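Every number here is computed from the coordinates shown, using simple stated rules; none is lab data. Source: prediction; values computed, not measured. Cβ sites come from the backbone with ideal geometry, for glycine too, and all protein chains shown count toward neighbours.
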Protein chains: 2
Amino acid sequence: MSRTLIHNLSISLDGFATGEPQSAEAPFGHAGQRLHEWVFATRFWALQTSSDDATDVGGSVGVDDAFAGRHGLGVGAEIMGAHKFGPPGWQDDPDWRGWWGPDPPFHTPTFVLTHHRRPPMVMEGGTTFHFLDASPTEALATARAAAGGLDVRIGGGPTVVRDFLAARLVDHAHLVQVPVVLGRGVRLWDGLEGLEDDYTVEAVASPSGVTHLTLTLRSDT
Amino acid sequence: MSRTLIHNLSISLDGFATGEPQSAEAPFGHAGQRLHEWVFATRFWALQTSSDDATDVGGSVGVDDAFAGRHGLGVGAEIMGAHKFGPPGWQDDPDWRGWWGPDPPFHTPTFVLTHHRRPPMVMEGGTTFHFLDASPTEALATARAAAGGLDVRIGGGPTVVRDFLAARLVDHAHLVQVPVVLGRGVRLWDGLEGLEDDYTVEAVASPSGVTHLTLTLRSDT
């Protein structure tokens, strides 16, 4: 059974998953990298960013690493929003191929939700970007078909995650609450009143200071 | 050294410390009692609400009880906002004496911040309500003088807590994040961008599902 998942979505204490304003120099606005320092400290991240055959890469191996490492496990496709794919205006730049260089860290078909469609981009390492003007339900059907029986990850940003949660299309969401108060940006929680009626919520605090929140869709929903 | 403390302030995942609208029938608006169920389950609460000599009152004795039980320890005065003292319009009711009956659970001088001053009300059990039209700094000086060397608790609601946190007048704050998404009400975090620059934040998840957040003012602030 192919599931729909959210992994490693970081939010501030006040619920912002990104700061403002977004630009080519500051993908997360005034938040900078503060929401993601927890993952940079993990062995999972060290392995992602090391040469292929390194094993002595360092990094933490506790609960942060355990959660972080689930990012790609069993995932056969990703859906992301236009704000995750590029800075404002990328749609007008025919050469924009995402933030991630020639070998993006997705390694699967990856569907970018945008009103500005363009032909697919085949990247190195198994990632192909597809551009889709579709509702969450339609996009999920398309991604599911491309995932070959594996799970579909909703990759963010927060507005896309919100839309999929609001439609109860997400089976399991992993959020990481970071102890900063951003004050402004895009809030994950807006419009999600009563989410707990349909999702069980588990919290586990990490010695690193972040809190991992897992939301699981109730089977009777 | 007399400290300024916040104890047991419950907030939703999206940061609301109360719902809306507030009324005599619904002190926390649409939130009802959902933000406070965690404390009702503790031995601390059972003892508060039992007859004086009962010891077999039941209730949990884990981390929720440990935090809850600090509510009155070493506290010599409380400051609260007008919204905590009564429903909208209580200022026009000369007979309003708070929500709590003849023996309120404060047992100390208790300062109500309001533009509508009235004479002090001496209640049973050591609580006296004083009505004060003052800035946070002024109110704190008054409460400190009345606390007899003990600590001062900022009792809420969220707008008052926010004001004292924004002014960095709080030494130690204990918040309890409850796994519900309220969607509307009064947000604790508004206007507190960058709070983490001056406060260290610790999180501990309870098996009950809530997460206890403790904020401690850095000594160099």
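Which shape class, rounded, prolate or oblate, goes with chain B when its Cα gyration tensor gives a ≥ b ≥ c as root eigenvalues, a/c under 1.5 marks rounded, and past that a/b bigger than b/c marks prolate? Taking the square roots of the gyration eigenvalues as a ≥ b ≥ c, chain B is rounded. With its label point put 7 Å out from Cα toward Cβ, B:Leu73 sits 3.9 nm from the same residue's point in the other copies, in order from shortest. On the beta carbon distance between A:Glu25 and A:Ser51, with R0 = 25 Å, the FRET formula returns roughly 0.35. When the P(r) of the range B:105-221 is calculated, the portion above 16 Å amounts to 68% of the C-alpha pairs.
Loop exposure criterion: chymotrypsin sites (Phe, Trp or Tyr not before Pro), DSSP state outside H, G, I, E and B, at most 16 other Cβ atoms within 10 Å. Applied to chain B, the longest stretch between such sites is B:101-221. Cβ crowding within 10 Å, taken as a proxy for footprinting-reagent exposure, orders B:Thr142, A:Thr110, A:Thr55, A:Thr49 from fewest neighbours to most as A:Thr55, A:Thr49, B:Thr142, A:Thr110. Distance between the pseudo-spin-label points of B:Arg3 and B:Asp93 (7 Å out from Cα toward the beta carbon): 3.6 nm. When chain A is treated as a GNM with alpha-carbon contacts under 10 Å, the residue of A:Asp14, A:Asp163, A:Asp95 showing the greatest mean-square fluctuation is A:Asp95. For the residues A:Ser50, A:Ser12, A:Ser206, a GNM of chain A with alpha-carbon springs under 10 Å puts the largest fluctuation on A:Ser50. Overall form of the range A:91-156: oblate. Here a/c, set by the Cα gyration tensor axes a ≥ b ≥ c, is 1.5 or more, and a/b is not larger than b/c.
For the pair A:Glu138 and A:Asp198, label points projected 7 Å from Cα toward Cβ lie 2.0 nm apart.
Of all chain A residues, the one whose Cβ lies closest to the rotation axis that maps A onto B, given with that distance rounded to whole Å, is A:Ala205, 2. What separates the A:Glu20 label point from its copies, with the point 7 Å along Cα to Cβ, is 1.8 nm, written shortest first. Please state the shape class of the protein assembly as shown: rounded when a/c is under 1.5, otherwise prolate if a/b exceeds b/c and oblate if not, all from the C-alpha gyration tensor. Prolate.
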